[in-house]
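Worksheet: the structure to be examined is printed underneath.
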Amino acid sequence: MKNFIIEKNKGIVSKQFLNKNITDFHSACTYISTLPYKRNTDKTYMLCVFHNLGGTCSTKHAVLRKLAVENGRMEIKLMLGIFKMNSEYTGKIKDTLCQFDLEYIPEAHNYLKIEDTYYDYTRLDSDYKDFKNQLLVEEE
């Protein structure tokens, strides 16, 4: 993935990363992926990931997309995928699926697409390959 330097005076997200001495996109992605997965108190607030020190796939990837936009990197796209969440992907739902005789539950997930490659920064070990074969719909 191409990297870029976060420029000063580009916007509120750029400023937050620079205040943490995070000066490039790769480092920003690593930082975001190390934050805990958790619900944000106000996900309409762009800086919620910084204030809550964590976030969901949607808030984490939205802040990375905003960082890219602030720095003129329009090739970095925010993606929404609806995939078949089954017991292989999420073992905790196995009993619920069995109870209702379901193979899967449709689930939304956000991630980034840069050129023809997909990136998932929800967690350090998140990987697009884990759900790509289960995608029902994908939209920018």
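Identify the single condition in (1) among the aromatic types (Phe, Trp, Tyr); (2) open to solvent by 80 Å² or more (accessible area, probe 1.4 Å); (3) touching a His at 6+ places or on another chain (Cβ under 9 Å); (4) within 16 Å of residue 127 (Cα to Cα) that residue 45 does not satisfy, given that it satisfies every other one.
Among (1) among the aromatic types (Phe, Trp, Tyr); (2) open to solvent by 80 Å² or more (accessible area, probe 1.4 Å); (3) touching a His at 6+ places or on another chain (Cβ under 9 Å); (4) within 16 Å of residue 127 (Cα to Cα), residue 45 violates only (4).
Looking at (1) open to solvent by 70 Å² or more (accessible area, probe 1.4 Å); (2) within 19 Å of residue 125 (Cβ to Cβ); (3) of a type in the set (Ser, Thr, Tyr), can you tell me which one residue 56 breaks?
With respect to (1) open to solvent by 70 Å² or more (accessible area, probe 1.4 Å); (2) within 19 Å of residue 125 (Cβ to Cβ); (3) of a type in the set (Ser, Thr, Tyr), residue 56 is out only on (1).
I'd like the residue in segment 6-29 that is β-branched (Val, Ile, Thr) and in contact (Cβ under 8 Å) with a residue 24 or more places away in the chain and, out of all such residues, is most open to solvent (accessible area, probe 1.4 Å).
12
Could you tell me whether any residue of segment 111-130 is farther than 26 Å from residue 25 by Cα and open to solvent by 80 Å² or more (accessible area, probe 1.4 Å)?
no
The values are calculated or read from the model by the stated rules, or taken from the named source; none is laboratory data. Since the structure is predicted, the reported quantities are computational estimates derived from the model, not experimental observations. In this analysis, Cβ positions are derived from the backbone assuming ideal geometry, glycine residues included, and neighbour counts consider all displayed protein chains. Accessible surface is based on the protein model in full, side chains and every heavy atom, while ligands, DNA and RNA are left aside. Shrake-Rupley method; radii C 1.70, N 1.55, O 1.52, S 1.80 Å.
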